1. Scan the stretch 153-165 for residues that are within 17 Å of TYR139 (Cα to Cα) and not in a helix (DSSP H, G or I) and jot them down.
2. Scan the stretch 152-208 for residues that are polar (S, T, N, Q) and within 19 Å of LEU109 (Cα to Cα) and jot them down.
3. In the list VAL301, VAL297, which residue meets the criterion of being crowded, with 23+ Cβ neighbours inside 10 Å, farther than 22 Å from LYS187 by Cβ, touching a residue at least 12 places away in the same chain (Cβ under 8 Å) and touching a Leu at 6+ places or on another chain (Cβ under 8 Å)?
4. Could you tell me which numbered condition LYS224 fails, if it satisfies all but one of (1) out of contact with any helix residue (DSSP H, G or I) (no Cβ under 6 Å at 6 or more places or on another chain); (2) crowded, with 16+ Cβ neighbours inside 10 Å?
5. Out of the residues in the stretch 245-274 that are without any contact (Cβ under 8 Å) to a residue 24 or more places away in the chain, of a type in the set (D, E, K, R) and in contact with a strand residue (DSSP E or B) (Cβ under 9 Å, 6 or more places away or on another chain), which is surrounded by the most Cβ atoms within 10 Å (Cβ to Cβ)?
6. Output the number of residues of the stretch 37-92 satisfying the condition of being surrounded by 23 or more Cβ atoms within 10 Å (Cβ to Cβ) and touching a Gly at 6+ places or on another chain (Cβ under 8 Å).
7. Out of the residues in the stretch 248-280 that are of a type in the set (S, T, N, Q) and modelled with pLDDT of 90 or more, which is nearest to TRP235 (Cα to Cα)?
Amino acid sequence: MNLSFNWKSIWIATCLGIGTVGTIFPSAAFAATRPSDVPAEHWAWKNSTLPWALDAHILGSATDDTPIRPAAAVTEAEALDMLFHFFTDTQNEDLTGEHPYELAKRYNLPVAVDPNDHTKPLTRGQAARLLAAAKGYNYQTDSAIAFLYEKGLSQGKTEKTIEGFDAGSVISRVEFIQLLRGMADRKLDGTISICPQTESTHPALDSYRRTQIGTIQDNLRRAKTAYSTSDSGYWTDTLYRIAKQTSVPDHTLTIPLPPLSKDETITYHVIADTWHSGTYTSGADTLKFPSSGNWSVTLIVSQGNRILGDLSLNSANHAIEINSTLIEKTK
């Protein structure tokens with residue numbers, strides 16, 4: 001199971017999904033029939049990335065009889081086709097033949113001019129530029145990577161830095177679909193934007209070029225500005241406390257949860273010995289899961305359609321991330 005491309009957005013893909021406290025597999029919430037070349041245990045089937053894509057027709061008219069080649073490198077032409085099926089104002093356009101490239105020209109997207117390059121594998125950096133452009137940002141590769149980081153769509157490949165993104169390596173079809181699913185759940189779907197002619201630089205770019213992580217307090221202050229809600233400061237501090245109090249006594253991953261106000265929910269996605277996912281709506285309590293090795297946790301706090309805060313913990317890289325901001329590495 002390859003989770004290296006976008007560790008966090010695997011969980012974000014179902015952050016507002018329907019669930020109950022307990023172990024569930026989100027793919028059951030979708031009507032899609034599993035394609036013939038996708039094993040039942042494939043991570044992107046179990047976490048609902050591929051069922052979502054089929055239900056949303058991101059792959060066009062693909063059915064259970066259509067191999068979707070999840071591990072294959074996505075070409076630029078395939079990525080464009082998925083992108084235009086993703087946005088509501090382009091999904092009904094004629095997407096056959098060269099029409100996607102005519103649309104790309106209309107929206108000023110950064111695509112190859114030479115038709116011979118249309119069927120070449122897309123790199124991770126090119127994918128980042130394409131997605132940023134579709135939301136109205138004319139970024140070169142480094143700024144586009146910062147865009148993905150700031151939107152909570154990527155953790156990088158080896159670390160959450162420009163270098164750690166590995167922009168030059170190819171991106172698979174399922175990884176590109178996973179990015180689109182993360183965009184949908186971050187409310188970045190809907191309409192596509194015309195990319196400006198003038199290039200700009202992402203304001204947070206330099207922070208991902210730093211070799212040293214800032215102080216914990218500086219990082220927490222930055223995390224508190226990620227969501228424009230009056231209680232974002234409270235939830236940033238609360239999620240940090242949860243992170244510091246999460247432990248694994250006697251091979252049991254133990255996650256303390258705080259009391260919730262009216263209409264607040266905490267959606268959790270946990271990989272321990274198995275995948276666990278659900279939505280928590282009660283008072284203060286503790287979630288417990290068997291864990292005999294590395295584990296990962298994502299919590300998303302929401303109130304209706306508003307995200308109030310999110311937390312990612314990963315025992316493999318000892319990182320605490322809140323609101324897409326790296327707070328500290330515990331080792």
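The values are calculated or read from the model by the stated rules, or taken from the named source; none is laboratory data. Quick caveat: nothing in here was measured; it's all calculated off a predicted structure. Using ideal geometry, Cβ is built from the backbone for each residue, glycine included, and neighbour counts are taken over all protein chains shown.
1. LEU153, SER154, THR161, ILE162
2. THR191, SER193, GLN197, THR198, SER200, THR201
3. Of the residues listed, the single one that is crowded, with 23+ Cβ neighbours inside 10 Å, farther than 22 Å from LYS187 by Cβ, touching a residue at least 12 places away in the same chain (Cβ under 8 Å) and touching a Leu at 6+ places or on another chain (Cβ under 8 Å) is VAL297.
4. Status for LYS224: all satisfied but (1).
5. So, considering only residues that are without any contact (Cβ under 8 Å) to a residue 24 or more places away in the chain, of a type in the set (D, E, K, R) and in contact with a strand residue (DSSP E or B) (Cβ under 9 Å, 6 or more places away or on another chain), the one surrounded by the most Cβ atoms within 10 Å (Cβ to Cβ) is ASP273.
6. Residues in the stretch 37-92 being surrounded by 23 or more Cβ atoms within 10 Å (Cβ to Cβ) and touching a Gly at 6+ places or on another chain (Cβ under 8 Å): 1 in total.
7. THR265
Residues are listed down the side, and each one gets a yes or a no for (1) at positive phi; (2) under 17 Å from the mean Cα position of the chain (by Cα); (3) in contact (Cβ under 8 Å) with a residue 24 or more places away in the chain:
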{"position": "ASP142", "(1), (2), (3)": "no, no, yes"}
{"position": "GLN155", "(1), (2), (3)": "no, yes, yes"}
{"position": "VAL170", "(1), (2), (3)": "no, no, yes"}
{"position": "ILE177", "(1), (2), (3)": "no, yes, yes"}
{"position": "CYS195", "(1), (2), (3)": "no, no, yes"}
{"position": "THR201", "(1), (2), (3)": "no, no, yes"}
{"position": "LEU205", "(1), (2), (3)": "no, no, yes"}
{"position": "ARG221", "(1), (2), (3)": "no, no, no"}
